[in-house]
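Here is the structure we will look at, set down as structure tokens.
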Amino acid sequence: MKIPAPRGRVSATLIDLLQNRGGSGHANAYGSLNLLVDEALAATPDLLRDEDLQLALFCLYELHYSGLDGVEDAAEWDPELIRVRARLEAAFENLLRRTVPVPELPAPDSEAVAETLFRLAADDDGASVSRYVAGKASVEQLREFLILRSVYQLKEADPHSWAIPRLPVGRAKAALIEIQADEYGGGRVERMHSKLFGTTMEGLGLDSGYGYYIDQVPALTLASSNAMSLFGLNRRLRGAIAGHLAAFEMTSSIPNSFYARGFRRHGFTDDVTYYFDEHVEADAVHEQIAARDLAGGLAEAEPDLLADVIFGAATVLAIDALLGEEQLRAWQAGESALLAPLGNDGGTAEAALAATAAAGGVTA
Ligand SMILES: [Fe+2]
Ligand SMILES: [Fe+2]
């Protein structure tokens, strides 16, 4: 994806370093980056909403996905960058472990785990964004909704795929493969969920290129994506990524029916709503497989991972609740949920970026 615009001293230094790796003086640049990270971590009042630090972590993770334009692929395993990533990850994980409310642990058998996860999902009232989309959202708000979701949805399923080689041969791994095969379209490009989401974006006049709107997306949305990458890219957190996927699937089917309704209300047809319609059906099945066979099966096979399975699921719900609150607060106040509104031209990124810069939303 394109290199994002920096949002503060840490992301500016990191991006500069990524673009000039191997250049003279880059050893010093690592030193100053580490110092800046430590200072910023010590000073931030809220790491979840810290634009600079969440963007820096997002860029470091992106090296493991499709990469950043103009940055060498070898940067992925640069030990100095891994060290910076580990510092940010430690602080982020620590924050999640301290703040995400986790229910009492069930017995490590698949039925008890599934029951706990279903109860957790049922207690979640994160459906409010989907109700707003169904009944009230304007076309402009639908565009914003898609842009916010595009950070994950245009690479849908990828963060959970890191878990595949990390699970032992058995029920949990088979379940994960069954779900992921559907997410990737069962071998058919036109049915890949990331591809379907792109079609929905294009139906609203948006660009479906991965990362096209990255400069519009607030820290909390980046944090939601970063949490998946944190869990997916660390083998020790394989329980958390399994629980994360389970909670994702369990809170998908009904909200997607509301999203589809919201888009139809404005006259958008089946080709635009197909992404949502597909999830109403698919995730009603996926949630059963994910809760019982993936999360439950993993807790049975590796009881030591039980706490992290539940922690991963609870993290999805906690971050989603914050995201929903932030989005609804903006929309109900008649404001944009993006860092700056897209404008009336259907939202070119150039227009959006100019607006962001003019509003002082980007500081270098
Ligand atoms: Fe999906
Ligand atoms: Fe799914």
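Coordinate-derived values only; no laboratory data. Here the structure is a predicted model, which is why all the values come from computation and not from measurement. Heads up, the Cβs are rebuilt from the backbone with ideal geometry, glycines too, and the neighbour counts pull from every protein chain shown.
Points to keep in mind about this one:
- Think of it as helices only: each DSSP H run of n ≥ 4 in the chain is worth -39500 (n - 2.57), and spread over all residues that comes to -20000 deg cm²/dmol at 222 nm.
- Region 175-222 and region 106-135 have Cα centres spaced 23 Å apart.
- Looking at region 123-185, the trypsin sites (Lys or Arg not before Pro) that sit in a DSSP loop and have at most 13 other Cβ atoms within 10 Å of their own Cβ are Lys136.
- Of the residues Ala299, Val37, Thr273, the one whose Cα sits farthest toward the positive end of the charge dipole of the chain, with +1 on the Cβ of Lys and Arg and -1 on the Cβ of Asp and Glu, is Val37.
- Extension gain from Ala321 to Ala307, taking 0.36 nm per residue of separation minus the Cα-Cα distance: 2.9 nm
- The stretch between Asp69 and Arg119 holds 13.7 nm of extra length on full extension. This uses 0.36 nm per residue minus the Cα-Cα distance.
- Placing dummy labels 7 Å off each Cα toward the beta-carbon, the span from Leu328 to Glu76 is 4.0 nm.
- Debye, to nearest 20: dipole size of the chain, +1 on Lys, Arg Cβ, -1 on Asp, Glu Cβ: 240
- Entry note, region 169-214: relative contact order of 17 percent, from Cα contacts under 8 Å with a spacing of 6+ residues.
- Mean Kyte hydropathy of -0.5 or more with a Cα span along the axis of at least 24 Å, helices from DSSP in the chain: 26-43, 79-99, 306-332
- Ordering Thr199, Thr251 from the fewest to the most neighbouring beta carbons within 10 Å gives Thr199, Thr251.
- With contacts taken as Cα pairs under 8 Å at a separation of at least 6 residues, the chain carries a relative contact order of 25 percent.
- Formal net charge of residues neighbouring Gly8 (Cβ-Cβ distance under 12 Å; K, R +1; D, E -1): -2
- Residue order, fewest to most beta carbons within 10 Å, for Trp77, Trp331: Trp77, Trp331
- The local environment of Glu111, defined by Cβ-Cβ distances under 12 Å, has a net charge of -3 under the rule Lys, Arg +1 and Asp, Glu -1.
- Summing Lys and Arg as +1 and Asp and Glu as -1 over all other residues whose Cβ lies under 13 Å from the Cβ of Lys155 gives a net charge of -2.
- Considering only Pro159, Pro106, Pro79, the mean-square fluctuation computed in a Gaussian network model of the chain, springs between alpha carbons under 10 angstrom, is largest for Pro79.
- Packing-based order for 295-306, 256-267, using average beta carbon neighbours within 10 Å, highest first: 295-306, 256-267
- Highest-first arrangement of 46-55, 219-228, where packing means the average Cβ count within 10 Å: 219-228, 46-55
- Order of Asp73, Asp158 - criterion: other Cβ atoms within 10 Å of each residue's Cβ, fewest first: Asp73, Asp158
- Dividing the mean sequence gap of close Cα pairs (under 8 Å, 6+ apart) by how many residues region 9-99 holds gives a relative contact order of 31 percent.
- Shape annotation for the chain: C-alpha extents along the principal axes are 57, 49, 39 Å, from largest to smallest.
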